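Peer 1: Next up is a structure, given as structure tokens.
Read the figures in this text as sums done on the coordinates, not as results from a lab. Note that the coordinates shown come from a computational prediction; the quantities given were computed from them, not determined experimentally. Glycine also receives a Cβ, built like all others from the backbone with ideal geometry; neighbour counts cover every protein chain displayed.
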Amino acid sequence: MQTLLKMAPTAEEELKLRLYSGDLSQLGPAERFLKVLVNVPFAFKRLECLLFMLSLTEDVASIKESFATLQAKAVLKTGNRMNVGTYRGGAQAFKLDTLLKLADVKGTDGKTSLLHFVVQEIIRSEGSRAARSNRHSRSSSSIVSNDTVSEDVVDSSVEHHRRLGLQVVSGLSTELQDVKKAAAIDAEGLTKTISKLGQSLLRTKGFISAEMESLDEDIQFHQSVTKFVEGAEADISWIAEEEKRIMALVKRTVDYFHGNSGKDEGLRLFTIVRDFLNVLDKTCQQVEEEAAAAAKQAKNSKKETPTSSQQNSDLQQRLFPAIAERRVGEDSSCSDDDDDGKSSSSSAAAD
């Protein structure tokens, strides 16, 4: 049907075909076909109606899927997860573009990125927090076995803390994986599709209420299209209202992170988060590889892992001396809040 509609003759061409009374064999195959087609009243307008009827269900399903991704999976999750309050009180809004710059800022060695440092810090704090939580859960149990005691010894190791912390950091990408779906949505294409559906509906309604109304010999086609329009009108009306609501949610989220700049950034917010998650995954992989290499070296040189980890921590502080001074105060604040039971691994990871 799409191909046939592309073949639609101009008004001048249609007039020539209608007026042609010569031998049809003298016409080419395309002209002979069109000669028959133009004799059908409003043939190409009928084709437009039929194409609209065939494609509406698929278009509506696709639009609803995009809406669901933006609302349930992307807008709410990104807003709640990326901006949850810290253990010291509500976090301030910041431009998410800043996240991408963390990988560009290098330490004094010119190689290690600030993101690498941040990931190491979160792994350290979250690992200790998770280990304390595990020990607290086991101590609350009425049954204490030798296995439990053995696990407590393992929990106290720096390597175990590091593994727990890495799970928290790397899990952020998995938790926000649906943001990548939102980033893949073509906002402009979505808007055009919705607008196109509205235009098609108007053309169809105009066609059946004007031209088709005068064709008494084709009542069945008229009735079929009229019934279809009733359902289509309800669907498209709902989509138009839902688009306004969803895009208002998107704008609210964008304004929160980027401020009310008065500029419509569309779905760029999710593209930023997607790109950051990709960089975060690579950094976590690098941290894991470095830890494995350090553990292997420590084993070969018969050094204990805690000593190697402490050296790595000291190295980070030398690479980013401006941050090192803040760490002592934050560790103290973290411990106090953990004892009060007011913190969670989710809030620290989001922080």
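Peer 1: What is the distance, in nm, between label points placed 7 Å from the Cα along the Cα-to-Cβ direction at residue 6 and at residue 21?
Peer 2: 3.6 nm
Peer 1: Please go through the residue pairs 101/196; 16/45; 101/192; 64/205; 181/227 and name each one whose alpha carbons sit more than 28 Å apart in this structure.
Peer 2: Pairs exceeding the cut-off: 101/196; 101/192; 181/227.
Peer 1: Could you order the peptides 200-206, 294-300 from most to least packed, using the average number of other C-beta atoms within 10 Å per residue? Let's see the in-between values first.
Peer 2: On the way: 200-206: 16.0, 294-300: 13.1.
Highest mean packing first, the order is 200-206, 294-300.
Peer 1: What is the magnitude of the charge dipole of the stretch 184-223 about its Cα centre, with +1 placed on the Cβ of each Lys and Arg, -1 on the Cβ of each Asp and Glu, and no other charges, expressed in debye to the nearest 20?
Peer 2: The dipole of the stretch 184-223 has a size of about 320 debye.
Peer 1: Continuing with the same structure: Testing the spin-label approximation: label points 7 Å from Cα along Cα→Cβ at residue 195 and residue 219. State their distance in nm.
Peer 2: Label-label distance for residue 195 and residue 219, simple model: 4.1 nm.
Peer 1: Take peptides 40-53, 267-280, 4-17 and line them up by average Cβ neighbours within 10 Å, highest first, as a rough protection proxy.
Peer 2: Details: 40-53: 16.6, 267-280: 20.6, 4-17: 12.4.
Going from most to least packed, we get 267-280, 40-53, 4-17.
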